[in-house]
Every structure is written in structure tokens, then in C-alpha cells.
Amino acid sequence: MDEIKNNQSRTLELLAPAGSFEAFKAAVENGADAVYLGGKSFSARASAANFDIEELQKAVRYAHERQAKVYVTVNILIADQEFQELLNYLYTLHEIGVDAVILQDVGVAELIHTILPEMETHASTQMTVNTSWGVHHLESLGFRRVVLARETSAPEMKAIAEQTSLELEVFVHGALCIGYSGQCLMSSFIGGRSGNRGTCAQPCRMTYQLVNEKKENLLIQKSTGEHLLSPRDLNLVEELTELKQVGVYSLKVEGRMKRPEYVATVIRLYRQAIDRSGVLDRQEGSSVAPLLTPGEHQELLQVFNRDFTIGYFKENLGAELMSYSRPNNRGTRLGRVTRLEAGRLSLKLEAALHPGDGIEFWTGRGREGVTVGLIWKDQIVITEGLPGETVQIEFSGVAQAGDRVFKTNDALLMEKARQSFQEGREQRKSPLTLRLSGHEGEKLCLEVIGNEHSVTVYSTNPAQKALKRPLTWEYAFQQLGRLGTTPFWLDKLELEIDEGIMLPVSDLNEMRRLAIEELLQDKPKQTVDRQIYRQRVERWKHRQGEERADLQTIKSMIPQISVAVSDPETLQAAIQAGAKRVLIGGEHWRSRRGFSLEEIRSSFERCRKQGIDCVWRLPRILNQGQSEHLLADLEKASGWAEKPKLMVANLGELEILKVVDLDWAFEVDYSLNVFNEASLAYFIRQGAKAVTLSPELHHEQLGPLAKWPGVELLVFGDLEMMVSEYCPVGAALGGKKGKHCAGTCVKEPHYLRDRMHYDFPVETDQECRMHLFNVKILNLFEELAQIRRMGISSVRLQLTRQTPGQVRQIVRLFSEAWDTLHEGKRATWMSDEGMNELTSLFPEGFTKGHFFRGVL
């Protein structure tokens, strides 16, 4: 437990983003302790400039010279055909000396733990970990650190920190995802650009209307704005003291897509806040004071904001989390238009204005932006307009008196930021202690001691008795302290030489040059020999091949259809239609009754008597408190006569099963993002009897996975695009904040309508989370023969939102088709008749999902 307690006493790490080398320098020079960045491959910000291998080497060397660390993102799901490239890339990163890699894919995590345990790994927020049980599972995978889900509250952070030795990293500033990271398929399903593959197109930042079943815009009278899924930017700069108190170690700033000036400004201000929080920690009895001045807060606003929020740190803020009116930079209030005349616009200023500033007019007709040129006051050109003054600028657009004006770019602030990382003006340097020693007639010894390394060099010539100017401390400090643009400064000089001796200045300069040159030779951690690495890789491949072959010899599962339902009425309908395998539970929608614990027990008993395979599906998201309730329910279920089979939907639930310590069979749901053989093998090795594959897989990618037993594939049903702690119905209509909400969601069905007039269904679960579904239902009925030929063990009908009548008809159609194909009658099976019936049930049409198009 000592190691766990130490989490709360460590110095906070400031972790900065970098999408380019210029942004990387901006981060380091402004005080970042570490920088996270992506290579040209396997990065969740694929559209950033990112770093090739040469740039990565340069970045690592630059950072290590300045006692900063570099973490490389490998935080996407990896396709099987990419593994050889990944294996080569991982070794290169190890060779370069990166300090850690950030991972999403559980198969990749297990791979690195097996073949390169020397490499430090951090669990990405894409792994959707927000409980102590999830963190415990990461410990078993060899992780050193976890990036907690953004939805984790301060009390939950504290509970997690008290139970783990892993370092906790949290986002403290920048853009927020509205849905749980790693669980959002919105961009994937709408446009084929997957957040799990680093290509999210951010459709959540577009406009939507909240409509009912009659397609009425429910917010038309409220004038709230239509960016209903666009949150404000996170800003926890004044919460740093509490973050440290609850056990957080690393403070992560979002922004790999942001420009270098943004990185420089935000990191500089957070560095100042962290340093000030440390001073306050040491001042006993000091009152709680702001860590930044009003002017510094203004700089944070100015550099970029969608308005600020503290997110879920304290509670669910409802509408106060959101930026309904604007999905991009709001700027800061500058003033108002007083008049427009003869090409000059008069502004009454509330803040300073300078040439080069970017300003934007908010009018009833929209927004218009310009860059300020000349500024006049009383017909005189001035270089600065001050608050309270009325000034004029050139303007050829349309504006009216009273229009609001905002500053979206501050020229002076940008120049200040650029100066901080300008080539040749680097300020971040490390202190050196020098010790010069020796005697007359001997070569002098110069020992240089840095933060991590020390070197020793000798003079070219021996010291001689001085005839005129003996070598003094002052002269030696002057010559040896000329460190120029190197990342060092001379802090201390110890002189241990005979009095009255001298050494030519050229010798002193040469000793200094040689010492610094040797000190700058990056000394990476001891690397694993390439041949040993190859042997480890081959052993890993051999093990995986053997496991696949062994399991194929015992693959005896009869191909079957799984029917997922969410309430007793649709369970009854599925059984009546002949379902032989049912998945009950999952999310409990507020729009219908759901299963009680007793009904789950009785359902297992009923299914056993009828020879039906029954599985209890667990919710995909549970927070710390909800996980404790689940644990209590499972402990109650341990006394049931009928032993339940479970389907886990996150890593925390998998770990809870170990805590219960019962020999229950379990399966893995699609929310665990099984995208390759490595992750599939991992869960089977953990004891999973079946695994539902990621719905983002292309049919060609399914082939190798289908060879494993217990593989399940979604073939019909609602595709869930997003799960979020934010509920647009409650926030916009029900006054939701914290635990208060009017419960508007249960009164009628709701949809989010996009610009193309597509209506996305919204469901709210019992915990008030919003679940957003695709417009069209997944339907692979016509592809059943192809899926059957692949060898897929089981196909799933996800019928958690359908009526009992729809469930009966769908189960009957798919069961008849699947049985026909299983009996070898593929030549006689025709899909037309079944498709006609399905189309009559769902006239809005269907989607094939990613079966043919895959994801980018």
C-alpha cells in the first residue's frame, strides 16, 4: 500500500500535446514535463501532421536533453494485416528511447507485455476505464498508467487512486468528446471515419434538432442553439490542488490538432498554476487563492475557447456542459459597433485592440470575421485601442450599430507565444555542476554533472605555473559558463587546483566543448537486442497459432442465432418464435420496464427447462458506485439454483467476476472492441466462452477471426452510435443538473434530426445516460450464406428496442434462414421473401454497416 499512498505525494506531471515538431518545441520550452505525440501510423489523430521516424528521434533527443519525456500514441484498434508493420514500429520506438506508448487495443497491450515488457505502456482513455475494477485489470496487463475516462468524477478518482499503484492521468484542458471515448461509433457509421481508427470527423459538432415522433422541433421556442452535441472546452486549471489531493499524477492537455501558439500559451499558464499550487501546498494555513490572475485566465480564453466547463469533475452539469450556439472558437468580448460610415467602422471597446488582431461580428444575419489593419482615434492612427475608447477600423462588410464584436485572435499574445519557441532562443535549460581539479604539471580534470549523466574530460596540455594571470574561480566560471544555445546553464563551479597555475583559454574552451558534446549524446535505456526481439515475436506468433489450431479441433458449437432483448415481454416473444439462445438485460431503457434481478433469475430457470441457452448481458458503462451495485447483485445471484452465464461489456466487469470468485461461464460483448486475433485470443485466454466481434470489421477482416470458436457477429438490429452521460432531452427540456431532472425522456420518443433531415433515435437508460442510435437498422439477412461459409459460430439479432411483434417476426425469419443454411440447403435458399417481410416492418430502410465498406 505504500506505493499507492505515494501516488498522492508525487509532483504533478504536466503532459502536453504535439501534432508537429514546432508544437512539440512550444510544449517543452513552456514547461511541459512530458509530451504525447503520434507517429505517421497507428495514431488517433491521423489528420495531424504527426512525426516520421527521423522527427521522432529528434524529438526524443530534444526532450531528454531538457529532462522531459516523450509518450507516443499507438491508440487505435489494429487490423490483423497491420501487425507485422506494428511489430517493426514498436521495436523502432523502443530503439529510439521513447518513454512510453499509449494504447487502446487490448490485444496490442498483451502483445507488448509478452514480447517487449521493457517498454512502458499507458492505457488510453479509448479503453473506457472509469472504475477501480477496470484499473485492476489493466495492472494485470502490465500497464504503468491509465488515462481515466473524462466522465470520471473527483470522488471516483480518489476511490480509484486509493486502490491502485498505477499512475492516474486525466484530461484537464481542451476539447471534450460528448460520448464515452472508445464507445463512439457516430463518425464511423455516418461517414466511415472511425474514432477507433484515428479518423473521427466529429459529426457531434454539427447542428441537430430535438424532435418527437411527430417530427416537431421541441426547442424552437427556446432559442438554445442547434449544436446539441457540442460541449464546451474543459478547463480545470483552478482544480489542480484537488486533483493532486485525490491522487491524480498526470495532467493532460488536449490539442494535437491545435497550432503551436495554442500549445505554448496553455502549457505556460498551466505550468505557472502548478508551480503556484506547489508553493501554496508548502504554506500551512494558507487560504485557497486562485492559481491564475484574471489576466492569465483571459489569455486562456483568448487563445481558444468554446466557453469553459469543469466537465464531470463535480457533477453532471446538464446544459451548462454544452456550447449549443457555437462549435468552434468563441473568442473574447471586444465591444460593440456604434456606426459604419464611409468604409470605416466605429467600435466602442471593452478590451484592448491592436493591428493584426482577428475580430468577428455577431449579427442577426450570422458572423463575419476580419483582420484588423489600421486603427484610428479622432482621425489619428494609433497602435492600440484601449478599453472605454471608441476607435475606427477599415471595414467593407455589413454591420449595424449594436452588433457585438469578439476578438478571436490576439496578435500580441500570438507573438509572445512564438517568441517562446523560436529557433535559437530556447530558454529551457538544465543546471550543471562543474568540478575542475588538478596540479601543476598535470592535465586538469573537468567533471561535468548533469541531472541524469556526468562526464569527465581532461585538458590537452598540463597546467603550468602562471607568469602573469593565474587561473581564478571567476575566470574559470566565465569561460566554462559560455554554454550558448546548448540546453544547459552553469549553476555551480568547484575549483580544486593549485594556486598560481594557468591553462590556456583554448584548453578550457576545448574541455567545455568536449564535455557538452559527450553529455548531449543521448543515452537511451538499455535496448533489447533485435535478434532477441525477433525470437520473442516468433514465440508469440507460434503460441497464437497453436492456440488457434487447438481450439479449432474442439470447435463443436452448433451455429446458432442469439437474440438480445431488454425486457420480459420481448423475451417471451423471442422464445415463442423459436429462439434457442437469448441474451437478456443490458441497458435498462427508461422507455420500457426492463428486467428486475428476480426476473433475470426466473428467466434463467425458465430457459433451462426449455433447453434454451440464456446469457445475462451486463451494461456497457458502469461507474464506480454502479459497479458496486452490480457486485452486490452478483453476490446475490451466487445463491441461485441456476448458475447464470454472463456477458461482460467492459474490463471492469471482467475483473468483478474475479472478485466474486465464482466459476461462472462468461462471454465478451462487442463494446470491448475485439478487432483482431490478438484481442480475441486474449479474451479466450481469460476464459471467455464466446466473443462478439467489433461491428466495424469488413467482411475480409472477419475471415481469420471466424476460424476461432465462439465467435459472434451482429447481423441485425439497432446500431448504437454513442453512449453519453449527457442527455439532450433532460438537459434541454428537463432542467437536468446533477441528479435533478424532470424525466421528460419517458413522455414520448425523441430523435436528433441532422441537417439532411435524418432522425437518429435517442434512448435514455435508468442511469440517465443518453444512447444514440443509427438512423437505419443493420440488416445482413442477404449476407447470411456468406457469413455461414466463413464459419461464424453465432449471429446476433440486437432487438433491444423492438416491439414483441417485431421480435417474433424477425426471429422467425432469421431462424428459418439460418437453419436452412446449416442443413446445407444454400442452393435452395432465397433471401427475397424474407427481405420483403423485413422491409414491411422497417420501411425506412436498412444499412449493411461496415460489412462491405469497412472503416478508414
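The values are calculated or read from the model by the stated rules, or taken from the named source; none is laboratory data. Source: prediction; values computed, not measured. Virtual Cβ from ideal backbone geometry, glycine too; neighbours counted across all protein chains shown. Each accessible area value is taken on the protein alone, full model and side chains, heavy atoms only, with ligands, DNA and RNA left out. Shrake-Rupley method; radii C 1.70, N 1.55, O 1.52, S 1.80 Å.
Rounded to the nearest 20 debye, what is the charge dipole size of the range 33-79 about its Cα centre when +1 sits on each Lys and Arg Cβ and -1 on each Asp and Glu Cβ?
60
Provide the net charge surrounding Gln400, with neighbours chosen by a C-beta distance below 14 Å and charges set as Lys +1, Arg +1, Asp -1, Glu -1. Intermediate values should be presented prior to the final figure.
Numbers: positive: Arg336, Arg339, Lys348, Arg365, Arg367, Arg404; negative: Glu341, Glu368, Asp403.
Residues close to Gln400 contribute a combined charge of +3.
Stretched out fully, how many nm does the piece from Thr847 to Gln552 gain, at 0.36 nm a residue minus the Cα gap? Mind showing how you got there, number by number?
On the way: separation 295, 0.36 × 295 = 106.20 nm, distance 3.20 nm.
Here the answer is 103.0 nm.
Take Leu520 and Arg592, extend 7 Å from each Cα along the Cα→Cβ direction, and tell me the distance between the two endpoints in nm.
Label at Leu520, label at Arg592, 6.9 nm between them.
Taking only protein heavy atoms and a 1.4 Å probe, what accessible area per residue, in Å², does the range 489-646 have with all protein chains in place?
About 51 Å² of surface per residue is accessible.
Putting +1 on Lys and Arg Cβ atoms and -1 on Asp and Glu Cβ atoms, find which of Ile274, Gln806, Leu349 reaches farthest to the positive end of the dipole of the chain.
Projecting each Cα onto the dipole axis, the largest value belongs to Gln806.
Order these peptides, 500-508, 62-70, by their mean beta-carbon neighbour count within 10 angstrom, highest first.
Averaged packing, sorted descending, gives the order 62-70, 500-508.
Which residue, Thr199, Phe143, Gln163, has the largest displacement toward the positive end of the dipole of the range 139-223 when charges sit on each Cβ (Lys, Arg +1; Asp, Glu -1)?
Of the options given, the answer is Thr199.
Placing +1 on the Cβ of each Lys and Arg and -1 on the Cβ of each Asp and Glu in the chain, which of Pro709, Met186, Pro749 has its Cα farthest towards the positive end of the resulting dipole?
Pro749
How big is the dipole moment of the range 202-254 about its Cα centre under a simple scheme where the beta carbon of each Lys and Arg is +1, that of each Asp and Glu is -1, and everything else is neutral? Debye, nearest 20, please.
Computed about the Cα centre, the dipole is about 180 debye.
What are the membrane-span-like helices in the chain by this rule: whole DSSP H runs, Cα extent along the axis at least 30 Å, mean Kyte-Doolittle hydropathy at least -0.5?
Helix filter hits for the chain: 260-282.
Take Val288 and Val659, extend 7 Å from each Cα along the Cα→Cβ direction, and tell me the distance between the two endpoints in nm.
Label at Val288, label at Val659, 2.9 nm between them.
Heads up, I need the accessible area for Glu628: 1.4 angstrom probe, whole protein in place, Å², nearest 10.
100
Tell me the per residue accessible area of the range 214-366 using a 1.4 Å probe; a whole number in Å² is fine.
42
Using a simple charge model, +1 on the beta-carbon of Lys and Arg, -1 on the beta-carbon of Asp and Glu, nothing else, what dipole does the chain show about its Cα centre, in debye to the nearest 20?
Result for the chain is approximately 1520 debye, rounded to the nearest 20.
Length gain on complete extension for the stretch Thr472 to Gln427, per 0.36 nm per residue less the alpha carbon to alpha carbon distance?
13.3 nm is the gain from fully extending Thr472 to Gln427.
How high is the FRET efficiency between Asp613 and Thr527 when r is their beta carbon distance and R₀ equals 51 Å, given to the nearest 0.05?
Values: r = 50 Å, r/R0 = 0.98.
Once rounded, the FRET efficiency stands at 0.55.
Do the sum for the chain: with -39,500 (n - 2.57) for every DSSP H run of n ≥ 4, divided by all residues, what is the mean residue ellipticity at 222 nm, to the nearest 500 deg cm²/dmol? Mind dumping the intermediate values first?
Details: 25 runs with 275 residues, N = 856.
Calculated at 222 nm, the ellipticity per residue is -9500 deg cm²/dmol.
Out of residues 5 or more away from Val711 or on other chains, whose amide H comes under 5 Å of its own, with H placed 1.01 Å from N in the peptide plane?
Answer set, sorted by chain and number: Val691, Ser793, Ser794.
Looking only at the chain, where both bridge partners belong to it, what percent of the DSSP beta bridges are antiparallel (to the nearest 5)?
Bridges in the chain that DSSP calls antiparallel: roughly 50 percent.
How large, in percent, is the carbon and sulfur part of the accessible surface of the chain at a probe radius of 1.4 Å?
In the chain, the share of accessible area belonging to carbon and sulfur is 48 percent.
Give the long-range amide H neighbours of Ser230: residues separated by 5 or more places, or on another chain, with amide H under 5 Å away, using H modelled in the peptide plane at 1.01 Å from N.
The answer is Ser323.
Length gain on complete extension for the stretch Gln221 to Val381, per 0.36 nm per residue less the alpha carbon to alpha carbon distance?
On the way: separation 160, 0.36 × 160 = 57.60 nm, distance 4.60 nm.
So the chain would gain 53.0 nm between Gln221 and Val381.
Pull up the cross-link candidates among the aspartates and glutamates for Lys609, meaning alpha carbon to alpha carbon under 18 Å and not fewer than 8 places away within one chain.
Partners found: Glu598, Glu599, Glu642.
Evaluated at 25 °C with a viscosity of 0.890 mPa s, what Stokes-Einstein diffusion coefficient in µm²/s does the chain have when Rh comes from the Kirkwood expression over alpha-carbon pairs?
Numbers: Rh = 30.3 Å.
Diffusion coefficient, whole number: 81 µm²/s.
If r is the Cβ-Cβ distance from Gln535 to Thr371 and R0 is 56 Å, what FRET efficiency results, to the nearest 0.05?
E(calc), rounded to 0.05, equals 0.40.
Leu176's amide H: which non-local residues (gap 5+, or another chain) put their own amide H closer than 5 Å, with H modeled 1.01 Å from N in plane and none for Pro or chain starts?
Those qualifying (amide H under 5 Å, at least 5 residues apart or on another chain) are Leu234.
Run the reach check for Lys416 against aspartates and glutamates, Cα to Cα strictly under 20 Å, same-chain hits fewer than 8 apart removed. What comes back?
Glu22, Glu29, Glu261, Glu296, Glu299, Asp357, Glu384, Glu426
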